[in-house]
1. How high is the relative contact order of region 117-217, given as a whole-number percent (alpha carbon pairs under 8 Å, six or more residues apart)?
2. Could you pull out every residue, at least 5 positions away or on a different chain, whose amide H is within less than 5 Å of the one on His434? Hs are placed 1.01 Å off N in the peptide plane, and Pro or chain starts have none.
3. Amide H of Ser120: which non-local residues (sequence gap of 5 or more, or other chain) have their own amide H closer than 5 Å, using H built in the peptide plane?
4. Which one, Ser115, Ser197, Gly21, is farthest towards the positive end of the dipole of the chain when Lys and Arg carry +1 and Asp and Glu -1 on their Cβ?
5. If the viscosity is 1.567 mPa s and the temperature 4 °C, what Stokes-Einstein diffusion coefficient in µm²/s follows for region 128-273 when Rh is the Kirkwood radius over Cα pairs?
6. With the contact rule set at Cα under 8 Å and sequence spacing of 6 or more, what percent relative contact order holds for the chain?
7. Among all the lysines, which ones have a C-alpha under 25 Å from Lys313's C-alpha, if same-chain residues fewer than 8 places away are not counted?
8. Within the chain, which cysteines find no other Cys whose Cβ is under 4.7 angstrom from their own?
Amino acid sequence: MKTLIFKRGTFMSKVCVIGAGSAGIAACKALHEAGLAFDCFEKSDRVGGNWVFKNKNGISSIYRSLHMNTSKTKMQFSDFPMPDDYPEYPFHEQIADYCDAYVDHFGFRQSIRFSCGVVSAKRTSTGTWEVLAEDGETRTYAHLCVATGRHWHPRIPSPGYPGEFTGVQLHAHQYIDPHDPYDLVDKSILVIGFGNSALDIACELGRKEQNKRLFLSVRRGTWVVPRFFGHGKPADYNIVHPSRAVPFLQRIVPKWWSVRKRVREIEATIGRPEQFGLPKPENEFDFTKAATSQELYNRVGSGDITVKPGVSKLDGTHVLFDDGSREEVDAIIYATGYNIVFPFFDEGIVPAGEKHLSLWKRVSHPQIDNLFFVGFLQPLCAVIPVAEQQSRFIAGVVTGSIALPAAAQRTSECAEASSAVGPAGLASGPYSLHVNCSDYVRELRRTADKLSNGPVAVVGW
């Protein structure tokens, strides 16, 4: 086994980036633009991560019909617009091609090691990182940036439902289309969950000409947002792209007014969830916690989809629900989210299988000052523009133009942020990842200015 150590001048400066999905290439571009040497390790043979259909990395997965749930102008990189001929909500192949074009446009493809994932990343006694790659070589780096994404390790309800089910069971991560990997045509199907994937899959499988019955199990009330409002504009048309966040707009347009206006638009365009037999939303409208679907209420209102409460028990070919009803189903699809997992780390660095990831400013490990994460949040916009801003912040830290506070301060601030996130009782769950794009980016920029050693020497700030 060969160990490679890279140095620039008198100090080790090379950065390791794990993953070349949309967040990973944002990190690569920021490092490249700052003149920093780096290696990016990617298990697949191309960039794009989850946007690559049937990705050869063996862990990313999207269904055949997937389109963006964020409009193209709110998803694109700030300095690389999507093509004019792309539709408002691009198809997954178009996003994958866009990622490829981004890498070639900014010229850092040579720094990405394709078909070469990371086996382990261990911190040495001197604070550097020893990274063992799938090519068998161990390389040493001064900084480690993780951009492996959070939609690849399926989460199944644990503990599982009482009883046993004798039909087909799969996670939404495995679903490709009505025939792949299982024949789901002319069946009775239960979809569990109420996120974007759950609604997309339920609407695709719920057409009467295709299946006997489609049940959608919903435990908690959530707002549903259409892709387009009555005025023909995309749902996120008035959301500011993070790269153009303006601080004083928050004072001019208070949050309560924006929330009220958006709720009225939703009610006028498609109605409220409870009008269609869905649970009433538990909290005031928040775009980050809403599900997106233009089709759901039409399917429910047409009888194609039957809404059910939570599952209480499995019984052979039947499923019992919390309201006492009982239905016979052939297949269960769990659209129940994902665990945040880092198989290349020792347990002491990041706990495995967590739904919550405690990070300082959502980007830096609270105790380890040369370990960074990109894209591990659920933004109001898409991940790409926020990952772009995070990457610029990281590049500033690596170049020395931004000085991180002490580990004790970062840890304390993480604990304070965690206790203040999400609805009561959910601060350590999925809501802890939700951010308002503009608010988050403004805070990141303020932090950069506060901690800068002179002008922040990172392009784009």
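Values quoted throughout were computed directly from the atomic coordinates according to the rules given, and no laboratory measurement underlies them. No experiment lies behind these values; they were computed from the predicted model shown. All Cβ positions, glycine included, derive from the backbone under ideal geometry; neighbour counts span all protein chains shown.
1. Averaging sequence separation for qualifying contacts and normalising by length gives 16 percent for region 117-217.
2. Close amide H contacts, sequence-distant or interchain: Gln378.
3. Excluding prolines and chain starts, which carry no amide H, the hits are Leu132.
4. Of the candidates, Gly21 comes out farthest on the positive side.
5. Translational D for this selection: 64 µm²/s.
6. Worked out over the chain, it gives 19 percent.
7. Straight-distance partners of Lys313: Lys187, Lys212, Lys280, Lys355.
8. So, Cys16, Cys28, Cys40, Cys99, Cys116, Cys145, Cys203, Cys414.
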